[in-house]
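What follows is a single structure, written as structure tokens, with notes after it.
The values are calculated or read from the model by the stated rules, or taken from the named source; none is laboratory data. Everything numeric here is computed off the predicted structure, so don't read it as measured data. Don't worry about glycine lacking a Cβ; one is built from the backbone with ideal geometry, like all the others, and counts go over all protein chains shown.
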Amino acid sequence: MADELPPDATNAPRRRGEPSRRRPRKGRRTLPVEGATGRNAGDTPDRGNSAPVPKGQQANQGASSAPSGRTPSRKRRGGKRRGAPATGQTTTTKASAKPREDHPRRARAPQSGGQGGKQAPGPAYSQSHTPHHAYAAIDLGTNNCRLLIARPAGDSFVVVDAFSRVVRLGEGLAQTGRLSDAAMERALGALRICADKLRRRGVYLARSVATEACRRASNGPEFIERVRRETGIALDIISAREEARLAVLGCHILLEPGHGPALVFDIGGGSTELVLIEHDDHESGIPRILDFVSIPFGVVSLTESVRAEEDHPEIRAQRYADMRAHVADGFAAFAARIAPMREGLEHDHGPLRLLGTSGTVTTLASVHLDLPHYDRSLVDGCIVPTHRMRGITSRLSTLNVEGRREVPCIGRERADLVVAGCAILDTILDLWPANRLGVADRGIREGILRSLIGISPHLGPTAGDTTGARP
């Protein structure tokens, strides 16, 4: 769902006897970070290369969660007053408890009950904007909470702020069917920072989405309402199909040139989406989705669906085999549907095309490149031979958690989940045996921004795509 500020009232004609309106004082000017994503501000930095956010613009974790304007001061002589409504307030619309494939809405400032405003333009996604307008995308996933704020720049956009935090919202969901209190508090803490950034950056239009964890949890709708009430952010629980569509829209420009259908996948925290698209290199516009599947196994949910990890080689090997069996069962019907097409493609068009977007593929690409630390400029858009990827997944699956923590670009934060990502990737390579894997450090957030700003997907990569945030 999208949130937009009310029109600026400072240019409206003043009635007789009414105090004059002054434009609020502009904040410190910041240089935009070029790229599809940016570095975290106010939290653990995204592992990428981006310009720092000025100190005055960094998020304050202790800031009030609900957006509000300044209290006007007493009228001065000449009809002028000191206070003025603050711009950049986060606005809300009433939260949706059901999966939606909506387009963003324009909304008024938050009020009790979160009444929404005017519907934004429909499927064309074209917006009336200027380069000074800031747009935002929030993606609350099963494992991460991510924010991206950007401004239009010609045929692309430049990022002015970004934020990413591991919140593990879906922790324990596989066992209980509910979001735990601790997980919800972690997510709310991250979303309060997002709300503060939306206010500080004067966001014109935003869309905020929640994915698999909130789709599956019995208390997902209650949590969405609590988020709206406490932060002013109106999250939409989107369907798996909409999640897949946004991921493709955000990353398909990195697909290798070629003919015939290609496979795009997104390994998330609570689900994995496979999308078969048709988009030849001579075509323009949004790719056509020919088929897709979403299974409720991501790196968090799959890890929790098998036995706990033990420090014994044979048990680790069996655990990995169990993970692969779960994923293969989930993909079975989809694999059967696309098998004839895949065989025809290999015969008529040559090598299969494959593109992945997720923390799993970017992490494994970093290991392949032997990077001492994550560098988005080297990872986003790189091509990795799939036999090298299989070698990496095989090695990581045999290491214990302490051994995985010692691998650069994995570390403590990803060590317990990366094995599940390896199992999912191995299974994808079985059903779509491409020789090369394209790696994208972009996805849902970039897809949302392209939709909001109205960027034509065929215009090429986002400006300055060599800098940005870790997925």
Near pairs, Cβ below 8 angstrom, 6+ apart or cross-chain, from the range 349-378 (surrounded by 23 or more Cβ atoms within 10 Å (Cβ to Cβ)) to any residue that is of a type in the set (S, T, N, Q) and assigned to a loop (DSSP other than H, G, I, E, B): GLY359/ASN143; ARG376/THR37; ARG376/ASN49; ARG376/THR466; ARG376/THR467
Qualifying residue in the range 174-193 (condition: in a strand (DSSP E or B) and more than 30 Å from ARG307 (Cα to Cα)): no
Candidate set from the range 294-328 (those that are surrounded by fewer than 14 Cβ atoms within 10 Å (Cβ to Cβ) and among the small types (Gly, Ala, Ser)); member that is farthest from LEU431 (Cα to Cα): ALA308
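Among helices (runs of 4 or more DSSP H) lying entirely in the range 388-454, which contain 2 or more residues that are closer than 19 Å to SER358 by Cβ and not assigned by TED's automatic domain parsing to the domain that holds GLY269?
The qualifying helices (runs of 4 or more DSSP H) are 444-453.
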Failed item, numbered, when PHE331 is tested on (1) loosely packed, with under 14 Cβ neighbours inside 10 Å; (2) over 18 Å from ASP416 (Cα atoms): (1)
Unique match (being surrounded by 15 or more Cβ atoms within 10 Å (Cβ to Cβ), within 24 Å of ALA335 (Cα to Cα) and free of Cβ contacts under 8 Å to residues at least 60 places away in the same chain) among THR386, THR427: THR386
Any hit, the range 320-332, residues being of a type in the set (Asp, Glu), touching a Lys or Arg at 6+ places or on another chain (Cβ under 8 Å), free of Cβ contacts under 8 Å to residues at least 40 places away in the same chain and within 30 Å of GLN175 (Cα to Cα): yes
Qualifying residue in the range 217-234 (condition: assigned to a strand (DSSP E or B) and farther than 16 Å from GLY447 by Cα): no
Contacts under 7 angstrom Cβ, first residue in the range 207-221 being surrounded by 24 or more Cβ atoms within 10 Å (Cβ to Cβ), partner basic (Lys, Arg), 6 or more apart: ALA217/ARG178
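Those residues that are loosely packed, with under 15 Cβ neighbours inside 10 Å and at positive phi, I need them from the range 164-186; list them, please.
Residues of the range 164-186 that are loosely packed, with under 15 Cβ neighbours inside 10 Å, as a first pass: 175-177, 181-182, 185.
The answer is GLY177, and nothing else.
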Matching residues, the range 401-416, being surrounded by fewer than 19 Cβ atoms within 10 Å (Cβ to Cβ) and in contact with a helix residue (DSSP H, G or I) (Cβ under 7 Å, 6 or more places away or on another chain): ARG405, VAL407, GLY411, ARG412, ASP416
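Please go through the range 229-246 and give me each residue that is surrounded by fewer than 22 Cβ atoms within 10 Å (Cβ to Cβ) and either hydroxyl-bearing (Ser, Thr, Tyr) or closer than 20 Å to CYS194 by Cα (or both), ordered by number. Before the answer, list the steps.
Residues of the range 229-246 surrounded by fewer than 22 Cβ atoms within 10 Å (Cβ to Cβ): 229-230, 239-242.
Residues satisfying the conditions are ARG229, GLU230, SER239.
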